[in-house]
Each structure stands twice: as structure tokens, then as C-alpha cells.
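Scroll down for the structure; my scribbles are underneath it.
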Amino acid sequence: MSDEPTRRSKPVEQVSLSVPFFVAALAFFLFTLWTVFDEYGPRRTWKQYQAQFTALETARLQKDIEAELARLQGSTPADPSQKEGEQLPPLPEIQQKLAEARNAAETPEFKKIESDIQKKERELFLATQDWKIAKSWDIEHAFFYEEALKHKHEHEIAELKAKLDKDAADIARTGEKMKAVETELADLRKQKDTLLTEVAKWEELEKTVSRELLSLQDKLARVKKPLIVPNAIWYDGTIEQVVLRGYHTNEFSEEQYTVDRCMTCHFSIDKAGYTGEDVPKVLETHPDREALLGKHPVKQFACTPCHQGQGVAVSTTTAGHTDLDEAHGLLEFWEHPVLGFVQSGNYHDYKEERDPTYTQASCFKCHSKQYAIESPHAEVLNAGREYVTKLGCWGCHNMKDVGDGAVGFTGKKVGPSLARIAGKVSADWIVSWVDHPQAHLPRSRMPHYEDFGDPAKKADDLKGVAAFLLSQSEKSWPAIEQDKRPESFFRSGNAGRGEKLFKSVGCMGCHALGERPENWGKKDNLFFREFDVAPDLYNTGNKIKSAKWIYHWVKDPQSYDPTTIMPSLRLSDQEALDITAFLVQQKGKDVPAVEGLAEKLSDPETIKRGEWVVRDYGCYGCHQIKGMENEGKLSVELTAFGNKKPYELAFGTRTDVPGTWEDWTLEKLRNPRGFQTERQLSKMPSFHFSEEGAHAIRVLLKGFNAEHVGEKWLRHLDPNAKAAEEGRQLVEQFNCKGCHVVDHKGGRILAYLSNPQFGPPQLNNLGEKLQPEWFYNFLLDVKPVRTWLDLRMPSFPLDGTEARKIVQYFGGKAGDLDPFTHFDPGTIDPENVKKGKQIYETYRCTQCHFNKTSGYTEAEKAAAAPSLQLAHKRLKPEWFVKWIGSPGYYWDGVRMPSFFYLETDKNGKPILDHANQYAAQAIPQLEALRDFLLVYGREGEVQGKLGTKRKSYSLNEK
Amino acid sequence: MTLAKKLRAPLQAGATGAFFLLAAAVSSLAYEAKPVPAGEWGSLEGTVSVDRPVTPVLLPVTKAPEICGYQKVGGVVAADQRLKDAAVYLDEVPVGKPLPVEPVRLDQQRCAFIPRVFTLAAGQPLVVRNSDDTLHTVRAEVEGLTLFNLAMPTKSQELWKKPLLRGSELLTRGRVKFSCEAGHTWMESWAVVLSHPYATVTSDDGRFRIDDVPPGTYHMIFWHPVLGESSQSITLRAGENLRVNVTLPVPDS
């Protein structure tokens, strides 16, 4: 073999490279194609949804057009739900109507007009001819006249001048005649047109509908045209987005941008009607779109402010993780994953199980100033807030805008004041109660004593608490001290009468009596969810030390505790004695004597220990305790709790609880000391929430995320709305719903009455009913209207500001925050008053509305209704019309019958509109009654003033 | 065995099953009216008695005796132990004679509802009349829910009530209690509303009769406002005139 390299058979220069070139070019070309395809295809995963939407929309459009076509062509019957005049009538109907109209126009009168027109047209032609001839003569004579002037034919001038004058007269005469005929003709034609209006109308409609049909057919053809390129390829798949500036601000108050592209896939989220089986989930319309998106337009609020998630991301899958979802923020390091996906285990393992109630947490971001959001979509959040407020969580935790930080916080702690407890209960009772309140009252809000793993301490701790509480307490109170009557006197009442009174006067609106565990919660709406608002009094005889105390407490609760919400029922001395005698007998459960307690009570060591326990457990968070008025909050601030990451939560040694915020929070609420370890103790007591309660609180806590939301997005309350919100808290706190049905909820006391007709008035739509001034004065100084009832409206410890807030709360519900009603007798028509009086007599109103305010006989009680003499002071003028029109709508099952059989709309609301035939008949009568009742009872005051101004205010014309 | 034979048994079973399913579906549907075939359907008649002599309760009139009188008869009215005003009806009837269309009249006379107990087929109109020169109100309640509460302030006023509705739906079953809220606490009347027409009320001598009943087995119910409900099962053959006599126990008061 030679070392010389073998020569190639062909020199390099001569080798053809066309094949590699071709292959390379082909590859390049294919890559280009693939790039374009990939860019417009697989990379745009959202495109499929938009294509789906287009297909769906096309199908729906085609269906709609076909339906409308069929209707206009008269092949399907008209939709009866559509009112006449709202849509075009079908063509056959128009043609029929047109023919009818034409027939109807063929009257002798019409024929005469037509022949007259023909005659007049001829006449006009002749008259025009005459006028034209006169004009021609005039031109000819003028020419000769000018010629004669020019050639100075003196003899002709005068003659021609005369002719010209005659011509002018002829023109004027014939012209006038022509005008006259013209006017007559125009008049006739007008008459003819009037007769033909109906015909013209239908002709016009025929044209419109024919045009509409053509255009619909055209549209249908376009919709049906097969696509040359399928949608999925044709669409470039634009990214839809909403950009908000300043919804978020950062720690330095700099505006941030929120970019939400959710609608790129959720393409029809803000388009009505995308529900049903044929619509894929991603394309569904937002639930309750009108209400939710109506108030929060997508352009203004975007999506992530409520739902969270990663707004800018448009990909729902990431390579390698089929369930890792960028757009919904289900990623390890995304801090705000979409609300409602229940997390379990870790961030890579989201359950597909959804709980949409979590989304309500977001309402709190902007609506935190409202005690309750009146929407069915915020009920869980509202419940959470009610729990946290009424259970007094705020006694230990700081929470922005909740509890003592809320708008309208009343300053009252949730537990009773312990400043004068020494006169009320014994030391034995304190020990037994603090040890386990639920053993006395299963639905008590007070948590029970829990030791820190050393039961031996318990007995000493409890003795200490009793000793300390008694030592800090005032030994007596002025009302007791000033009353020198002996204890035996206060036991001398008639217990039988007391029982009757207790059960009928209204105590049962808040208190239960002997509803031991087996009876708890049998009646709906009894209490505040699963808790009491006031104690069950089955054991009062064992609990309260002295009858004298009970007597003074029921007579005037505020004399013992100025902060208590217990109202006065204006009991007479005898009534208070009777009730005291009855309550003293209530001994449902023995209170065991505690061994060795008596001598410990004055022991300074024990008192000191008690003080330490009380301070350490934070009893002052809910109770007023002397010397602890200025203590801070015992526990952590929760304002940003919703933001906590699982690694920030102390799981202790627990491994059975999944490592998520949701699971930790639920477990903490159910079993507050479940996470404690030997070194890290928990003090939070158990509140025994129901499952729903724990979840509701969890949703509220999720809302505590301390986000910096821009001013523009926050729900601000104007002074009136703020007052109304404060009023709502008062209505809740004073438990008005214990007796009254408010907005169709509440009325616990009705369950104890033999006849619900003897219950208190229902307060649905109260703001529409009462004159604010009267209502305000009534709250401050209760003078019952329904004096025939055994029940009494209590006198609540309200000051003027609080009363005003309650009035504004009800007024705000009716959309009327105006605190004054203006009565001007001048605007009342005296004729209407007379008519009203007649109706009042015909309808025999006095058969139930007796003309008295007290002293009802037993027989009268069965039918009694408020005296109408009071009506003008109490009721708003519009209320007479609404109420008399249909009492049953405003008060379920009311005794007052309806005299006018008004129709109701689909929500059951009575229709009071002149357009409705029943209402049109009823309204004048109702207004007459109103005017009569506005005057009734103050005839002297309005003497001679009636009807001096414009006619009285009428419905539907404001 | 041929294929056809092999298939026959399961097919038959299937057909029978389908038939039963269909029958069950039909029976759960509303009442179906048919013309009465002559002689094929039967009738029910009998007497309702009470097990011991009773005297009616006399309710005192507490309001307007010049219009209402001084006493009203209430409680259990049973002369010779034969019970008046007991409703007698069949529990569920899927098919039968046409529903009555003529209105039922309820009169308020001298502050008492007449009749005290009556029956009403679903959809049958009700006319309420006030024969007194005073205000009456007619409240109709079903299980504590007020259907309507209408005023009748003038004498001889008649109120054409369309068929009874519960909300916006036709009331097809239930006992409707009528009362007056104008202080006439003793006034009371009851209507037994059913989806079919096989119902009646006993006469003064406790007798009742129900005609044109398709043969079959029925649950027969006897109900009285004071004595409550009792029932018994009956089987009616084609063309039969079945006698049913019952005795209701009067509880110790």
C-alpha cells in the first residue's frame, strides 16, 4: 500500500452539492412552516377556547336568526311572553291587516272625496290654463306697449296701457282662483290621507318587515357559509386583557399595575346566556352575572382582585406537570392562588375539589367597613363576621375593621361586667361556672377553663379566680343600698302570676327557660346561630344570691350594669315582685359547695393567684374587671392572617393535619390547643363551633390579607350609610329579631305564643312604613301602640345618637335616609278626604281599628288593630297605599285582610301601577283613604287649609 | 332450542318490567279523567257514626250578637251518634270520572261558615259570600301558610275566587282552614282539597255516597275537624254498590 493519499475520483470543486443544498433548504423551509404553525397553533392553548366560543356563538346565532325568520314569516306562533309592540309582527298578519284596512277605507265618503279630488284636479287644470293665458296676453301687450313707447306711436300707447291694466287684473283674478282651487285640493287630499293612515301604517310596516326578512336571510346565508379555513387555524388567538392601574399599591404607596388575562380563555364570562349542557365549563357565564359583574364591571375590577390567581399567565399547563397551573396561580411560589381550590398536602398537589365560598373572602378587601354585605353571595363572610363580633374574638385579637375596630362598634364587651359581681353570685357558683360554663348552659359563648397540662393546678386556679373576682368587685350598688326592705319582702310575690308574666311579657324573646340539652335548638331562629344571646334562666334560683338583686335587676338593669344590653320592660313594682318570686323558684341544677373555699376567699396569696390567672387567660377581653380596664390584647393580631404561608404556622408535632393554611386554620378553630407542644403552649380556649361556624370564620380570616387596595376601589360609606351600618350593629346587638321578624327572619318569641297574631309587628320594610321622627321618639320613649298585647316593647338603653342610627338603618334599607316627613295640608284634596271617609265607612275599618288606645275588652283583643287616630303621626303617606293595598306582602299572615285584589309580579310583589287594570281601579281608592287618614285625628289643625296648593301627590308621578 | 325461543323468556321479562315501570309512572302522575262507562264502575255508600253519644259544643259569641246571635254550634255534631260534617274520601285515585267544574259556595251567615266542612277538587273554583251586614275576612290557610286573607265588608258581597293556589301553583292536596279575622274567633270551615273528585261530606244523619268509582282497591279516609282522621282499605268490584259503615272513637275530653 502506498502512503500517498488516494486521490478522489473527482476534485472537490467539481462535486455537486445540490442534494445537501436541497435538503438544507427543505429543512429550512419546513422549520419555517413549523415555526409559523407552532406560533399560531400549539403555543396558543387558549385559542381552542376562543374557537369553541365562536362555534357556539355561530350555532346560537343561526338558531336565533332562524327562529326570528320563522316567526316573521308566520310559520311559528308568536312568543306570548313578549309584549305587543316590542317586536315586529309577522308578515302574514301585516298583509291581512293591510287588506282589512284597505277594505275599511272603501266607504262612500271616501269615494266621494276621491271623485271630488278628480273634479278639483280638472278645475285646477282649467284655472291654471286661464292664468297662463292671461300671463301670455300680458307679455304680448307689454311688448307692443314698449314698442309703441320706443316709436312714439302716441295713439297706441293709451290703448295698450288700458290693455295692460286689464291683463294685470286678469292675472290677479285667475291667479286667485287657481290658489283657491289648489287649497281646496290640498284639503281634500289631506282628508283622503287621514282616511288612509291605517293603510299607510301597515304599508310602512310591510316594507319594514320585508326589508328585515331580506336582511335576516342575508345574515343567515353568511352564518351558514362553510368556512374555507377552520376557525381553530384562522383565528390568530389574540390575548384579551384588562389593565388596572392603582388597584394595588406597594409598601411605598406607589401604584402597581394589575394585568388580568383570564378572559382570554374565559371568553364569555361577561356575556349573558352561556350556561347549559352544551357550554364547556371554561366558557360559562359568570354566576349571577347581572348582580355581581353589574356592580363590579370587568373593565373596572378585572378578575384577580376577587378571585386571585396569576392574572398575566395564560397557560394552564406547564411541561412536566400536568396539574401545575400557571394561570390559576397553583404554583409553589405564587402567593395568591385562585380562591376556592382546596389545597391539600403541598403546592404540587391541589385537589380538584372546589369550594366557591372562599371567594367571599375577597369581598372583605373593599367592603371591610360594612358589618354585613346584603347579598346572597356574601352570606358565609357575613356569618364569619357575626361569629367573630358576637363571640368577642376581638377581645384578644386585633383585627382591622372587625370587632372593636369596626364602624359603629358600640363599646360593649360581649360578657357581663364583673364590677359588681359580689352582690350577684356566690363564690361556689363562680368556681362551678368558670370550670365548665357549658355544663350549666350548653350554648354559652363563654369558653371553659382549660389547664396547661397540670390538673392539680385547676382547683387552686379556680378558687383564686373566685377570690380575686369577689375582691375586686364593689360589694353593693346604689339601688340595693337605698332600698332597706328585707330580703323576705322580695320573696313575697306571687310566683304563679310571675310565671304567666314571664312567659307573656317578652322575656322569652332572648331568654330560654328550662330548655335543657335535649330541647336545645328545636325551634329555628332562636338564638345567635349555635350560641345564646342571653342565659337560659332555668337555674336562676341557685345562681343569683338574693331576690332583692333580681327585683332591682329586672326593674332597672342599667342601675346594676350601665353597659348591659338588657332592656327594661317597664314592670310595675308588683310585676317585678311576681317575676322575682317566679325566678327564685328556678332551681334546675345544684351548685356544689367547694371544699375549703370560704377561708381562701380572703387569703392574699389566693387572690394574687386568681389575678394572675384572670390576667393570663385574658378574661378582661370579654368582661369588665376592675383594674384591668387598660389591658392590651392578649393574643396575636390577625389583620394579615390570611396571608400566612403554611411554613409560618406552628404545626407542632402534628402530622395528621395536611400542611396547608386551610387545614391548619380549621383545626385551630375546632381544637385550639391541638397544636401545642410541651414548650409552646396555646392559650386560646375552645368555643365549640359548628362545622359551618368554623368554616365561616375561616373564610373571614382568609379575607384578612392586608392588601393595599387603591382608594378608588374601596367601598366608602357616606355619613348616612355609615350611620345605617352602625344601626345594623345595634339591631343585631339588642337582638330585635328575638321578637320581631325583620326582613322575613327572626321572631323567636312567636314559637311561645298560642296565637302568632298576638306577636309583635313584623318589621319587614319598616323604613317605608314609619315616619322617622315618630320612630326616633318611640325608641327613646316607648309608648306602645298595640296596647292590647300582653307583650311589651322593651325600653332599650339607647341614647339619641343610637336611636338615630337605628332609624337610619331601616330608612337606608328603604332607600330613604331623609329624617323628616313633610306634611302640608295644602296639598291634600278635600274631595279626596270626603271620598276616603266614605270608603273608610264602607269597608268598616272601625270594626277592628277601634277608636281607642287602651282598655280593650277580651272580645276586642281578638280583632284589635292600631287606632287610626295615631296613623298620621306614625306612618309615611306612601305607606298607606302600599300597606292597605296588600298587607300580606309586608307581614306574613297578618290579620289585616286585603280589600284590593292586586296582581303580583313574579317575585310576589303587588303591582301598583296605573298600567295594570286592577291597580288602576285600586289606586284612586287607596289614595283617597290615605288622604283621609292623613287628616283623621287632626281635623282642627288642618281646618281651612286643605287643598290650597297643587293636587295631592299621586303614585307614579313624582 | 332455537334462537327465538332463547330470546323469548328475557324479552317477556323485559316487557313485563317495562309495563310495571310504565304503570308506576302513570300512577304517580296527576289524575286522569275519563268518561264513565255505563255499569262497569261501582259506588260507595254508608254511614259514619261515633262510638258514644256526644253533645255539640256551644261556642259563645263575643262580638255583635245582634248580627251573629248568641251561640254557635261547634265540636262534634252527631244526633243519634250519627256524625255530621265528616269528610269521606279516597286517598289516591289515578283514573276516574271527570272533575267537577261548577263552583263550590261558602257562605258566611250569621257569623258562621256554611258549610262547615266541604270538599274541593283541584282547580274547582270557590265562591265566598258574605250574607251578614258586617265585615268578615276570609283567611285560607294550609299547614300554617296563609293562601289569602281577603276582606268582605259589604252585605251580599260575593267573591269569585279562582281555583285555590299555593304560591303560583295549583293547590292539589291539603286541608284548607278558613277563618275570619274580624274578631269572629269562632268562625271556622274546612275544605278537603284533592286531585280527584271522589270525596264527599256526611249529611245530618251521618250518611254519605260516592258514585262512579272505578273498580279497585283504595284507601278510604274519614276525617272530622275535631275527631281527626281514620282510614280503612276497601276493594270495589265492577258494578258493585259497596256499603262501608264506620264508627269513629270519641276521645275522652
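General observations
- Taking chain B, the Cys residues with no second Cys beta-carbon under 4.7 angstrom are B:C180.
- Working from Cα pairs under 8 Å separated by at least six residues, relative contact order for chain A is 10 percent.
- Solvent-accessible area lost in complex, 20 Å² minimum, residues of the stretch A:829-845 relative to chain alone, 1.4 Å: A:T842, A:Y843, A:R844
- Compared with its chain on its own, the stretch A:869-907 contains the following residues whose accessible area drops by 10 Å² or more in the full protein assembly (probe 1.4 Å; ligands, DNA and RNA excluded): A:G893, A:V894, A:R895, A:P897, A:S898, A:F899, A:Y901.
- Percentage, to the nearest whole number, of Cα pairs in chain B over 29 Å apart: 41
- Cα centroid separation, the stretch A:756-783 to the stretch A:535-571: 26 Å.
- Alpha-carbon centroid distance for the pair the stretch B:217-237 / the stretch A:862-928, whole angstrom: 43
- Charge context of A:L220, other residues only, Cβ under 14 angstrom, K/R +1, D/E -1: +2
- DSSP loop GluC sites (Glu not before Pro) with at most 13 other Cβ within 10 Å excluded, longest remaining stretch of chain B: B:144-253
- Neighbour cut-off at most 10 other Cβ (10 Å), DSSP loop, chymotrypsin sites (Phe, Trp or Tyr not before Pro), the stretch A:760-864: A:F820
- Spatially proximal aspartates and glutamates relative to A:K458 (Cα-Cα < 15 Å; intrachain offsets below 8 disregarded): A:D428, A:D435, A:E450, A:E595, A:E611, A:D616
- Note that the stretch A:583-594 has calculated 3J(HN,Hα) couplings of 5, 4, 6, 6, 10, x, 8, 5, 9, x, 6, 8 Hz, one per residue in order, obtained from phi through the Karplus relation 6.51 cos²θ - 1.76 cosθ + 1.60 (θ = phi - 60°); glycine and proline are x.
- Rounded to the nearest 20 debye, the dipole magnitude of the stretch A:821-958 is 260 debye, with +1 charges on Lys and Arg beta carbons, -1 on Asp and Glu beta carbons, and the Cα centre as origin.
- Computed in the context of the full set of protein chains, the accessible area of the protein assembly as shown at 1.4 Å probe radius has 55% of its extent on carbon or sulfur.
- D_trans [Stokes-Einstein, Kirkwood Rh over alpha-carbon pairs] for the stretch A:663-767, 10 °C, 1.306 mPa s, µm² s⁻¹: 88
- When each of A:K412/A:K668; A:K835/A:K876; A:K475/A:K587 is checked by Cα-Cα distance, pairs over 23 Å: A:K412/A:K668; A:K475/A:K587
- Cross-link partners of A:K644 among aspartates and glutamates (Cα-Cα below 18 Å; sequence separation of 8 or more within a chain): A:E251, A:E332, A:E335, A:E662, A:D663, A:E667, A:E707
- Cα Rg, Dmax (largest Cα-Cα span) when computed across the stretch B:154-242, Å: 16.8, 51
- Distances between placed amide hydrogens fall under 5 Å for A:L330 paired with A:D325, A:V338, all partners being 5 or more residues away or on another chain.
- Eligible lysines near A:K906 by straight Cα distance, threshold 18 Å, same-chain separation 8 or greater: A:K83, A:K882
- Given R0 = 22 Å, the distance between the Cβ atoms of A:W137 and A:E182 translates into a calculated FRET efficiency of 0.50.
- FRET E, pair A:K683, A:F409, Förster distance 22 Å, beta-carbon r, rounded to 0.05: 0.35
- Total accessible surface hidden between B and A, rounded to 100 Å², 1.4 Å probe: 1500
- Against the empirical curve 2.2 N^0.38 Å, the C-alpha radius of gyration of the protein assembly as shown lands at a ratio of 1.34.
- Lysine pairs meeting the criterion (Cα under 18 Å, 8 or more apart or interchain), as found in chain B: 8
- Each stretch of four or more DSSP H residues adds -39500 (n - 2.57); spread over every residue of chain A, this sum gives -14000 deg cm²/dmol at 222 nm.
- C-alpha center-to-center spacing [the stretch A:257-299, the stretch A:659-738] in angstrom: 29
- Among the protein heavy atoms, those of A:H744 account for about 100 Å² of accessible surface (1.4 Å probe, every chain in place).
- Between B:V73 and A:T238, the simple label model (points 7 Å from Cα in the Cβ direction) yields a spacing of 8.5 nm.
- Interchain or long-range residues, amide H under 5 Å from B:H196's placed H: B:A122
- Cα centre as origin, Lys/Arg/Asp/Glu Cβ charges: chain A dipole, Debye: 2700
- The stretch A:840-873: trypsin sites (Lys or Arg not before Pro) falling in loop per DSSP and having at most 10 other Cβ within 10 Å: none
- Heavy atoms of A:W433: accessible area, 1.4 Å probe, square angstrom to 10: 40
- Accessible surface computed residue by residue for the protein assembly as shown, with neighbouring protein chains in place and a 1.4 Å probe, gives 54 Å² per residue.
- Residues of the stretch B:129-148 buried by at least 10 Å² on assembly (accessible area, 1.4 Å probe, chain alone as reference): B:D133, B:T134, B:L135, B:T137, B:R139, B:T146
- Legend: translational diffusion of the stretch A:705-846 by Stokes-Einstein, Rh = Kirkwood radius over C-alpha pairs, 10 °C, 1.306 mPa s; D = 89 µm²/s.
- In this label model, B:E40 and A:A221 are separated by 6.0 nm, measuring between points 7 Å along each Cα→Cβ vector.
- Dipole moment magnitude, nearest 20 debye, chain B about Cα centre, only Lys, Arg, Asp, Glu C-beta charged: 660
- For the stretch B:33-89, the square roots of the Cα gyration tensor eigenvalues, ordered a ≥ b ≥ c, give a/c of at least 1.5 with a/b no greater than b/c, which places it in the oblate category.
- Residues with amide H under 5 Å from that of B:S43, placed H, sequence gap 5 or more: B:V213, B:E240, B:N241, B:L242
- At an R0 of 35 angstrom, the distance between the Cβ atoms of A:F489 and A:E629 translates into a FRET efficiency of 0.45.
The values are calculated or read from the model by the stated rules, or taken from the named source; none is laboratory data. Since the structure is predicted, the reported quantities are computational estimates derived from the model, not experimental observations. Here Cβ is always computed from backbone atoms with ideal geometry, including for glycine, and neighbour counts include all displayed protein chains. Ligands, DNA and RNA are stripped out before the accessible areas are found, and what is left, the full protein with its side chains, is counted by its heavy atoms. Shrake-Rupley method; radii C 1.70, N 1.55, O 1.52, S 1.80 Å.
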